[in-house]
Each structure stands twice: as structure tokens, then as C-alpha cells.
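Step one of this worksheet: look at the structure below.
Values in this text are rule-based calculations from the coordinates and carry no lab data. All figures in this text were calculated on a predicted structure; none of them were measured in a lab. All Cβ positions, even for glycine, are placed from backbone atoms using ideal geometry, and neighbour counts span all protein chains on display.
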Amino acid sequence: ELSDAERAFQERIDAGIRIEAKDWMPDAYRKTLIRQISQHAHSEIVGQLPEGNWVTRAPTLKRKAILLAKIQDEAGHGLYLYSAAETLGVSRDELLADLHSGKAKYSSIFNYPTLSWADMGAIGWLVDGSAIINQIPLCRCSYGPYSRAMIRVCKEESFHARQGYDIMMTLCRGTAEQKAMAQDALNRYWWPALMMFGPSDAASVNSAQSAQWRIKLFSNDELRQRMVDQTVPQIEYLGLELPDPAIKWNGERGHYDFGEINWDEFYQVLKGNGPCNRERLRTRVKAYDDGAWFRDALQAHADKQQENKKS
Ligand code: ACO
């Protein structure tokens, strides 16, 4: 049974009224948002690492400048999202501690290795492409600070997706070896990109409640299907082979059919057993520890200014 306050809250949601930080909200709504927004923030931050590996090896100065700008955008997205989470009464230090101890989740996709330059293309195209499909609806989600953060994030993600597709086009118009690199990157990133949308609807424990609260406007499987439908023609345009032999247009459904996802692999990655989970976490913790002197200096500077103001 809902309490009067909970019923009034649900009515506001149903009427499409945004919930703001100082509004009353059920504890479970607050917890769900902290969970999702913090996981999302961590994904942006850890998501810098696979691409960071290629900054020193980008093939041209122009590609290097673009890649650097994209990685910096991801850092910015992480910061907006931590700020959005902080409006819910949790501190950034707590969230970071949970990431660094391995307690907090971040997107499974970032636990796969980046083996060639073509992976920069595949990540921009498929990973940022999937992120956009997932995040456009979040611009209309019920929690104001999260929905507003998503607007700028989505604009920047669409630049990222285009730069990825541009890398793929260049490789596909290049030598046979370059085209083979593009094919290999597509083959390796295809399934992990589909896994980004989360478990199947039948297995998604949080979906029903999040849909009722309008945090989720579309289900995991609906968004995954949207990704497949959007991407298959782009694969064909590149002249690459489809990465899944089961992909086939289904006129009756008006969608592409596709093969079964390896859910065992997905859950292994979530448990910390993906190909790069340990390496990613280690690199992230080291970066944080190496930055301690800088945070200390900022704090000392702020303290000194405060002192000066008093005297
Ligand atoms: N990687 C890691 N964990 C995942 C993934 C994934 N790809 N998909 C689902 N999970 C986790 C969920 O976080 C949840 O874990 P928890 O209950 O311990 O928190 C569990 O698996 C069950 O999944 P669902 O019940 O479907 O969870 P939820 O309703 O939160 O849906 C989804 C998952 C779709 C990812 C949702 O959280 C979401 O839309 N998040 C915002 C977008 C986001 O985080 N994107 C990050 C990658 S994009 C980028 O950064 C470039």
C-alpha cells in the first residue's frame, strides 16, 4: 500500500512533473537514482581508460587532438553526473571510495581490451552510439538534475559517435589490411556493445520499478533492438561483414532479428572477471592516488584564501 505522500509523488510523476533535489521523494527512488547515476558517472570515468591507451599511438596529429578532446569530454560527463548524484545527498568521496574498492558497478563495456587503432573507431561508433540510444530518453526522465545533465552529454556523445564512424570509413576505404582491422574491431565490439543495454527484460530486476518512476522510458530490450536496427545499415554502408550470422530483416516485426547474447559472459564481466576488470580498476586507483598531491594543494590554497578573508 502506498502512503499518501507516495501516492502524491507518483501522481506528479504520472503528470510528467519533474522531481527536483529539494522535493520530497520516497527513499527507494532516491536510492535507485544514486545507484544508476553513480554507476553512470563511474562508467564515464573508467571509460576514459581504454581510449587513453591510444593517445600516444594515434596515426596523425589531427586524430590525436580529436581523441584527446573526446576523452576530456568523458571526464566532463563524469563530473556532471557526480554533481547530479550529490544533489541526492551522497558525497563524491563516498562514491569514489565505492568505485575504488570494487564495490560499485560501471559499464561492462569498458572491461574489454583495445587492441588496435580500429578499436577507437568501433568504440566511438558502437559504444558511444549505444550510449546515445540509452541516454536520449534519459533527457526526459523524472529527476530534473539527471535529465538536464543528459542534454549536453548527448550532444557531445553524438560528436563522439561521428568521429568513430569517420575512423571506420577511413579504414574501410584504405588498404585490405586496414579494412581487416576495421572488421576485427567490429567483430570484437559488437556483442559487448549489445550487452551495454543490460540484461534481457525478463532478467532485469530494476526495470519495472524504474519504469513506474519514469527513470526508464524504454526497456533494455527495446533500446537494444533500436541499436541493432540503426547499426546494421551502417555496417552495410561500410562494406563490412555482419558480425552475427543470425542478423536478418524480419518484415513481420519490422526489425532485424539477431542471435542470442552470451549472458554468461555478461555476468562474468559484472562479477569482475572480464578480460580487463582488474587492470582498469588498478589503473583508476593509481591515477587517483597519484593525484593526491594536487587535491591537497587545492585544499591548502582554499584554506589559505579563507584565512586571508578573515584577517
Ligand atoms: N554493465 C554493468 N552493469 C550492468 C549493465 C552493464 N552493461 N547492465 C546492467 N547492469 C547492472 C545494473 O546496474 C543492475 O545492477 P545493480 O542492481 O547491482 O545496480 C543489474 O545489472 C541489473 O540490471 P537492470 O535491472 O536492468 O538495471 P537497470 O534498471 O539499472 O538498467 C541500465 C541498466 C540500462 C544500464 C541503466 O542503469 C541505465 O540506463 N543507466 C544509465 C546509462 C549508463 O550507465 N551508461 C553507462 C555506459 S555509457 C557510457 O558511459 C559511454
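Against the conditions (1) part of a helix (DSSP H, G or I); (2) under 19 Å from the mean Cα position of the chain (by Cα); (3) under 30 Å from residue 263 (Cα atoms), where does residue 106 fall short? Just the number, please. So residue 106 meets the others, but not (1).
Of note, residue 114 does not satisfy the criterion of being within 18 Å of residue 147 (Cα to Cα), β-branched (Val, Ile, Thr) and touching a residue at least 60 places away in the same chain (Cβ under 8 Å). Hey, any hits in segment 276-298 for a residue that's under 23 Å from residue 202 (Cα atoms) and assigned to a helix (DSSP H, G or I)? No, that holds for no residue.
Contact annotation: residue pairs with Cβ atoms under 8 Å, 6 or more positions apart or on different chains, pairing a residue in segment 284-311 that is at negative phi and among the charged types (D, E, K, R) with a partner that is part of a helix (DSSP H, G or I) and surrounded by 10 or more Cβ atoms within 10 Å (Cβ to Cβ), are 284/45; 284/46; 284/49; 284/99; 284/100.
Every residue, every condition in (1) touching a residue at least 40 places away in the same chain (Cβ under 8 Å); (2) of a type in the set (Ser, Thr, Tyr); (3) within 14 Å of the ligand (Cβ to nearest atom); (4) over 21 Å from residue 129 (Cβ atoms), yes or no:
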position	(1), (2), (3), (4)
217	yes, no, yes, no
234	yes, no, no, no
242	no, no, no, no
246	no, no, no, no
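Of the helices (runs of 4 or more DSSP H) contained entirely in segment 1-72, those carrying at least 1 residues that are within 15 Å of the ligand (Cβ to nearest atom) and either of a type in the set (A, V, I, L, M, F, W, C) or surrounded by fewer than 16 Cβ atoms within 10 Å (Cβ to Cβ) (or both) fall at 27-46, 48-52. For residue 123, the criteria (1) surrounded by 21 or more Cβ atoms within 10 Å (Cβ to Cβ); (2) without any contact (Cβ under 8 Å) to a residue 24 or more places away in the chain hold in every case but one, which is (2). Of all the numbered requirements in (1) within 26 Å of residue 21 (Cα to Cα); (2) away from the ligand (no atom under 11 Å from the Cβ); (3) not in a helix (DSSP H, G or I), residue 139 misses one, and that requirement is (3).
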